[in-house]
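Read through the structure below, which is laid out as C-alpha coordinates, and then see the notes.
The values are calculated or read from the model by the stated rules, or taken from the named source; none is laboratory data. What you see is a predicted model, and the numbers here were worked out from it, not measured in a lab. Methodologically, a virtual Cβ is constructed for each residue, glycine included, from the backbone with ideal geometry; neighbour enumeration extends over all protein chains shown.
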Amino acid sequence: MIPEFLTYLRSVRGYSPNTVRSYEKDLRSFSLWASYNYPGISWSKVTRDIIDKYIIYLDEQGKKPTTSNRKISAISSLYMYFQRQGYGVANPCKFESRKKIAQKVPNTIPIAILQQAHYNSKGQLKALIGILITTGMRIQEALDLTCGDIDFKEGRIKIHGKGLKERVVYVDGYTLEKDLLWLKKTNPETHIFNYTQRQARYEIYTALKPLTNSPQLSPHAIRHTIATIMANNGENATTIAKVLGHNRLETSQKYIDFSQVEKATTGITL
(Lines give C-alpha, C1' and ligand atoms only; values in the text may rest on other atoms or scores of the structure.)
Protein backbone atom coordinates (compact mmCIF):
# COMPACT_ATOMS: atom_id res chain seq x y z
CA MET A 1 0.00 0.00 0.00
CA ILE A 2 2.80 2.42 0.82
CA PRO A 3 4.47 2.26 -2.64
CA GLU A 4 1.09 2.86 -4.29
CA PHE A 5 0.49 5.89 -2.07
CA LEU A 6 3.96 7.29 -2.74
CA THR A 7 3.39 6.98 -6.49
CA TYR A 8 0.16 8.96 -6.03
CA LEU A 9 2.04 11.72 -4.16
CA ARG A 10 4.64 11.95 -6.93
CA SER A 11 2.48 11.67 -10.03
CA VAL A 12 -0.87 13.17 -8.97
CA ARG A 13 -0.06 15.58 -6.15
CA GLY A 14 3.26 16.61 -7.69
CA TYR A 15 5.20 16.39 -4.42
CA SER A 16 8.95 16.84 -4.52
CA PRO A 17 11.27 13.81 -4.11
CA ASN A 18 12.33 15.04 -0.65
CA THR A 19 8.72 15.33 0.51
CA VAL A 20 7.87 11.87 -0.80
CA ARG A 21 10.91 10.40 0.97
CA SER A 22 9.79 12.07 4.19
CA TYR A 23 6.33 10.46 3.87
CA GLU A 24 7.91 7.09 3.16
CA LYS A 25 10.21 7.30 6.19
CA ASP A 26 7.37 8.26 8.54
CA LEU A 27 4.99 5.58 7.23
CA ARG A 28 7.58 2.82 7.36
CA SER A 29 8.57 3.82 10.90
CA PHE A 30 4.97 3.44 12.02
CA SER A 31 4.58 0.19 10.07
CA LEU A 32 7.61 -1.34 11.79
CA TRP A 33 6.40 -0.21 15.21
CA ALA A 34 2.88 -1.53 14.63
CA SER A 35 4.12 -4.86 13.23
CA TYR A 36 6.36 -5.39 16.25
CA ASN A 37 3.69 -4.51 18.80
CA TYR A 38 0.72 -6.02 16.94
CA PRO A 39 2.02 -8.98 14.90
CA GLY A 40 0.07 -9.61 11.71
CA ILE A 41 -1.85 -6.32 11.90
CA SER A 42 -3.11 -4.78 8.65
CA TRP A 43 -3.79 -1.16 7.83
CA SER A 44 -7.54 -1.78 8.06
CA LYS A 45 -7.16 -2.95 11.67
CA VAL A 46 -5.32 0.09 13.01
CA THR A 47 -7.50 1.86 15.59
CA ARG A 48 -7.45 5.18 17.33
CA ASP A 49 -6.18 3.44 20.47
CA ILE A 50 -3.17 2.14 18.52
CA ILE A 51 -2.47 5.63 17.18
CA ASP A 52 -2.67 7.04 20.71
CA LYS A 53 -0.18 4.42 21.91
CA TYR A 54 2.12 5.34 19.02
CA ILE A 55 1.98 9.00 20.08
CA ILE A 56 2.93 7.95 23.62
CA TYR A 57 5.79 5.88 22.21
CA LEU A 58 7.08 8.85 20.21
CA ASP A 59 6.91 11.01 23.32
CA GLU A 60 8.88 8.43 25.29
CA GLN A 61 11.49 8.42 22.54
CA GLY A 62 11.95 12.14 23.09
CA LYS A 63 10.50 13.19 19.74
CA LYS A 64 9.60 16.85 19.44
CA PRO A 65 5.90 17.72 19.08
CA THR A 66 6.53 18.93 15.53
CA THR A 67 8.06 15.56 14.62
CA SER A 68 5.23 13.57 16.22
CA ASN A 69 2.61 15.71 14.51
CA ARG A 70 4.31 15.27 11.15
CA LYS A 71 4.37 11.48 11.53
CA ILE A 72 0.69 11.34 12.49
CA SER A 73 -0.15 13.67 9.60
CA ALA A 74 1.59 11.26 7.19
CA ILE A 75 -0.45 8.34 8.54
CA SER A 76 -3.65 10.36 8.29
CA SER A 77 -2.84 11.28 4.67
CA LEU A 78 -2.41 7.60 3.84
CA TYR A 79 -5.87 6.79 5.22
CA MET A 80 -7.44 9.68 3.33
CA TYR A 81 -5.87 8.19 0.20
CA PHE A 82 -7.41 4.81 1.08
CA GLN A 83 -10.81 6.46 1.36
CA ARG A 84 -10.46 8.24 -1.97
CA GLN A 85 -9.60 4.90 -3.56
CA GLY A 86 -12.79 3.38 -2.13
CA TYR A 87 -11.13 0.94 0.27
CA GLY A 88 -13.74 1.62 2.94
CA VAL A 89 -11.40 2.03 5.91
CA ALA A 90 -11.87 4.53 8.71
CA ASN A 91 -9.15 7.08 9.43
CA PRO A 92 -7.87 6.23 12.94
CA CYS A 93 -6.07 9.58 13.12
CA LYS A 94 -9.20 11.66 12.58
CA PHE A 95 -9.88 12.34 16.22
CA GLU A 96 -6.43 12.00 17.75
CA SER A 97 -5.14 14.77 19.97
CA ARG A 98 -1.96 16.13 18.50
CA LYS A 99 0.50 17.92 20.68
CA LYS A 100 0.01 21.64 20.75
CA ILE A 101 3.04 23.59 19.65
CA ALA A 102 3.75 27.27 19.79
CA GLN A 103 3.55 28.87 16.37
CA LYS A 104 6.86 30.23 15.21
CA VAL A 105 7.07 33.79 14.01
CA PRO A 106 7.88 33.60 10.28
CA ASN A 107 11.49 34.36 9.41
CA THR A 108 11.57 37.63 7.49
CA ILE A 109 14.18 39.94 6.01
CA PRO A 110 13.73 43.74 6.00
CA ILE A 111 12.41 44.75 2.58
CA ALA A 112 15.07 47.48 2.32
CA ILE A 113 17.76 44.77 2.57
CA LEU A 114 16.11 42.74 -0.19
CA GLN A 115 15.85 45.80 -2.40
CA GLN A 116 19.53 46.63 -1.79
CA ALA A 117 20.55 43.06 -2.68
CA HIS A 118 18.53 43.36 -5.86
CA TYR A 119 20.15 46.69 -6.73
CA ASN A 120 23.66 45.30 -6.10
CA SER A 121 23.19 42.17 -8.20
CA LYS A 122 23.58 41.65 -11.92
CA GLY A 123 22.31 39.31 -14.62
CA GLN A 124 20.14 36.34 -13.74
CA LEU A 125 20.74 36.75 -10.00
CA LYS A 126 19.31 40.28 -10.18
CA ALA A 127 16.34 38.93 -12.13
CA LEU A 128 15.82 36.06 -9.67
CA ILE A 129 15.84 38.29 -6.59
CA GLY A 130 13.54 40.73 -8.38
CA ILE A 131 11.06 37.97 -9.23
CA LEU A 132 11.07 36.64 -5.66
CA ILE A 133 10.52 40.00 -3.95
CA THR A 134 7.90 41.02 -6.50
CA THR A 135 5.77 37.86 -6.37
CA GLY A 136 6.73 35.91 -3.24
CA MET A 137 6.84 32.70 -5.27
CA ARG A 138 8.70 29.61 -4.10
CA ILE A 139 12.30 29.22 -5.27
CA GLN A 140 11.49 26.10 -7.31
CA GLU A 141 8.56 27.88 -8.93
CA ALA A 142 10.95 30.62 -10.03
CA LEU A 143 13.44 28.10 -11.40
CA ASP A 144 10.65 26.34 -13.31
CA LEU A 145 9.64 29.55 -15.14
CA THR A 146 10.07 29.61 -18.91
CA CYS A 147 10.23 32.68 -21.10
CA GLY A 148 6.73 31.91 -22.33
CA ASP A 149 5.38 32.26 -18.79
CA ILE A 150 6.10 36.01 -18.84
CA ASP A 151 3.52 38.25 -20.50
CA PHE A 152 5.08 41.71 -20.72
CA LYS A 153 2.05 43.33 -22.35
CA GLU A 154 -0.36 42.27 -19.60
CA GLY A 155 2.20 42.37 -16.78
CA ARG A 156 1.41 38.76 -16.02
CA ILE A 157 3.44 35.76 -14.82
CA LYS A 158 2.14 32.20 -15.01
CA ILE A 159 3.48 30.14 -12.11
CA HIS A 160 3.63 26.35 -12.05
CA GLY A 161 2.93 25.63 -8.40
CA LYS A 162 2.95 22.64 -6.08
CA GLY A 163 0.63 19.77 -6.87
CA LEU A 164 0.65 20.66 -10.59
CA LYS A 165 -1.48 23.74 -9.83
CA GLU A 166 -0.98 26.83 -11.95
CA ARG A 167 -1.70 30.39 -10.87
CA VAL A 168 -1.23 33.83 -12.37
CA VAL A 169 0.19 36.90 -10.64
CA TYR A 170 0.19 40.43 -12.02
CA VAL A 171 3.00 42.95 -11.68
CA ASP A 172 3.62 46.27 -13.38
CA GLY A 173 5.30 46.15 -16.77
CA TYR A 174 8.25 48.26 -15.64
CA THR A 175 9.13 45.73 -12.94
CA LEU A 176 9.26 42.99 -15.55
CA GLU A 177 11.14 44.93 -18.18
CA LYS A 178 13.91 46.29 -15.95
CA ASP A 179 15.08 42.76 -15.16
CA LEU A 180 13.68 40.56 -17.91
CA LEU A 181 13.49 42.64 -21.09
CA TRP A 182 16.01 40.35 -22.79
CA LEU A 183 13.49 37.49 -22.61
CA LYS A 184 11.38 38.99 -25.38
CA LYS A 185 13.78 37.63 -27.99
CA THR A 186 14.20 34.21 -26.36
CA ASN A 187 12.49 30.91 -27.20
CA PRO A 188 9.28 30.71 -25.09
CA GLU A 189 10.18 27.21 -23.92
CA THR A 190 13.60 28.22 -22.57
CA HIS A 191 13.92 28.37 -18.79
CA ILE A 192 14.65 31.85 -17.50
CA PHE A 193 17.19 30.70 -14.93
CA ASN A 194 19.85 28.03 -15.32
CA TYR A 195 20.49 27.65 -11.59
CA THR A 196 19.98 24.43 -9.68
CA GLN A 197 18.05 25.03 -6.48
CA ARG A 198 21.24 24.60 -4.45
CA GLN A 199 23.09 27.14 -6.59
CA ALA A 200 20.21 29.61 -6.37
CA ARG A 201 20.09 29.36 -2.57
CA TYR A 202 23.84 29.91 -2.34
CA GLU A 203 23.80 32.93 -4.67
CA ILE A 204 20.93 34.55 -2.75
CA TYR A 205 22.64 33.89 0.58
CA THR A 206 25.87 35.39 -0.74
CA ALA A 207 24.04 38.50 -1.98
CA LEU A 208 22.29 39.07 1.35
CA LYS A 209 24.99 38.12 3.85
CA PRO A 210 27.04 41.37 3.65
CA LEU A 211 23.90 43.43 4.22
CA THR A 212 22.39 41.92 7.35
CA ASN A 213 23.04 39.82 10.45
CA SER A 214 19.73 38.00 10.04
CA PRO A 215 20.20 34.26 10.78
CA GLN A 216 17.82 33.24 8.01
CA LEU A 217 18.72 34.30 4.48
CA SER A 218 16.91 31.67 2.45
CA PRO A 219 14.56 32.18 -0.51
CA HIS A 220 11.72 31.00 1.74
CA ALA A 221 12.47 33.83 4.15
CA ILE A 222 11.87 36.17 1.21
CA ARG A 223 8.52 34.46 0.66
CA HIS A 224 7.68 34.90 4.37
CA THR A 225 8.61 38.57 4.03
CA ILE A 226 6.27 39.17 1.10
CA ALA A 227 3.41 37.35 2.85
CA THR A 228 3.95 39.42 5.98
CA ILE A 229 4.01 42.67 4.00
CA MET A 230 0.74 41.70 2.32
CA ALA A 231 -0.82 41.00 5.73
CA ASN A 232 0.48 44.30 7.12
CA ASN A 233 -1.07 46.08 4.13
CA GLY A 234 -4.49 44.67 4.99
CA GLU A 235 -4.79 41.85 2.43
CA ASN A 236 -7.14 39.06 3.49
CA ALA A 237 -6.23 35.37 3.73
CA THR A 238 -7.95 34.50 0.44
CA THR A 239 -5.91 37.04 -1.50
CA ILE A 240 -2.64 36.00 0.13
CA ALA A 241 -3.41 32.34 -0.61
CA LYS A 242 -4.22 33.13 -4.24
CA VAL A 243 -1.03 35.12 -4.84
CA LEU A 244 1.34 32.81 -2.96
CA GLY A 245 -0.29 29.52 -3.93
CA HIS A 246 -1.08 28.30 -0.41
CA ASN A 247 -3.19 25.15 -0.45
CA ARG A 248 -4.78 25.98 2.90
CA LEU A 249 -6.22 29.28 4.07
CA GLU A 250 -4.85 28.55 7.53
CA THR A 251 -1.34 28.99 6.12
CA SER A 252 -2.21 32.47 4.87
CA GLN A 253 -4.16 33.37 8.00
CA LYS A 254 -1.13 32.89 10.26
CA TYR A 255 0.57 35.89 8.62
CA ILE A 256 -2.49 38.03 9.37
CA ASP A 257 -2.56 36.76 12.96
CA PHE A 258 1.11 37.56 13.49
CA SER A 259 0.64 40.96 11.87
CA GLN A 260 -2.19 41.84 14.22
CA VAL A 261 -0.21 40.76 17.29
CA GLU A 262 2.83 42.71 16.11
CA LYS A 263 0.84 45.89 15.52
CA ALA A 264 -0.93 45.59 18.87
CA THR A 265 2.26 45.02 20.89
CA THR A 266 4.97 47.01 19.16
CA GLY A 267 3.45 49.10 16.41
CA ILE A 268 6.33 47.92 14.21
CA THR A 269 5.76 46.78 10.66
CA LEU A 270 8.13 45.74 7.91
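With (1) part of a loop (DSSP other than H, G, I, E, B); (2) modelled with pLDDT under 90 as the list, and Gly163 as the residue in question, which single condition is left unmet?
Of (1) part of a loop (DSSP other than H, G, I, E, B); (2) modelled with pLDDT under 90, only one is false for Gly163: (1).
Sort out which residues of region 17-30 are polar (S, T, N, Q) and surrounded by fewer than 14 Cβ atoms within 10 Å (Cβ to Cβ), and write them in order of number. Spell out the reasoning first.
First pass over region 17-30, keeping only residues polar (S, T, N, Q): 18-19, 22, 29.
Within region 17-30, Asn18 is the sole residue that qualifies.
Look through Tyr255, Tyr202 and report the one residue that is assigned by TED's automatic domain parsing to the domain that holds Lys162 and free of Cβ contacts under 8 Å to residues at least 40 places away in the same chain. Working first, answer last.
Numbers: Tyr255 fails: free of Cβ contacts under 8 Å to residues at least 40 places away in the same chain.
Going through Tyr255, Tyr202 in turn, just one is assigned by TED's automatic domain parsing to the domain that holds Lys162 and free of Cβ contacts under 8 Å to residues at least 40 places away in the same chain: Tyr202.
Quickly run through region 126-158 and pick out the residues that are at pLDDT below 90, out of contact with any strand residue (DSSP E or B) (no Cβ under 8 Å at 6 or more places or on another chain) and charged (D, E, K, R).
Lys153 - this is the single residue of region 126-158 that is at pLDDT below 90, out of contact with any strand residue (DSSP E or B) (no Cβ under 8 Å at 6 or more places or on another chain) and charged (D, E, K, R).
Can you name the residue in region 32-87 that is out of contact with any Leu (no Cβ under 9 Å at 6 or more places or on another chain) and β-branched (Val, Ile, Thr) and, of all such residues, is farthest from Arg10 (Cα to Cα)?
My answer is Ile56.
Name the one entry in Gly40, Gly62, Gly14, Gly88 that is under 26 Å from Lys165 (Cα atoms) and assigned to a loop (DSSP other than H, G, I, E, B).
Values: Gly40 fails: under 26 Å from Lys165 (Cα atoms); Gly62 fails: under 26 Å from Lys165 (Cα atoms); Gly88 fails: under 26 Å from Lys165 (Cα atoms).
Just one listed residue meets the conditions, Gly14.
Considering every residue within region 204-224, establish whether at least one is of a type in the set (A, V, I, L, M), on the phi < 0 side of the Ramachandran plot, modelled with pLDDT of 85 or more and within 15 Å of the chain's Cα centre (by Cα). Talk me through it step by step, then tell me what you get.
Going through region 204-224, the residues of a type in the set (A, V, I, L, M) turn out to be 204, 207-208, 211, 217, 221-222.
If we keep only those that are on the phi < 0 side of the Ramachandran plot as well, we get 204, 207-208, 211, 217, 221-222.
Next, only the ones that are modelled with pLDDT of 85 or more stay: 204, 207-208, 211, 217, 221-222.
Restricting the remaining residues to those that are within 15 Å of the chain's Cα centre (by Cα) gives 221-222.
Yes: one or more hits.
Any idea which of (1) surrounded by fewer than 17 Cβ atoms within 10 Å (Cβ to Cβ); (2) in contact (Cβ under 8 Å) with a residue 12 or more places away in the chain; (3) aliphatic (A, V, I, L, M) is the one Ile75 doesn't satisfy?
Of everything listed in (1) surrounded by fewer than 17 Cβ atoms within 10 Å (Cβ to Cβ); (2) in contact (Cβ under 8 Å) with a residue 12 or more places away in the chain; (3) aliphatic (A, V, I, L, M), Ile75 misses just condition (1).
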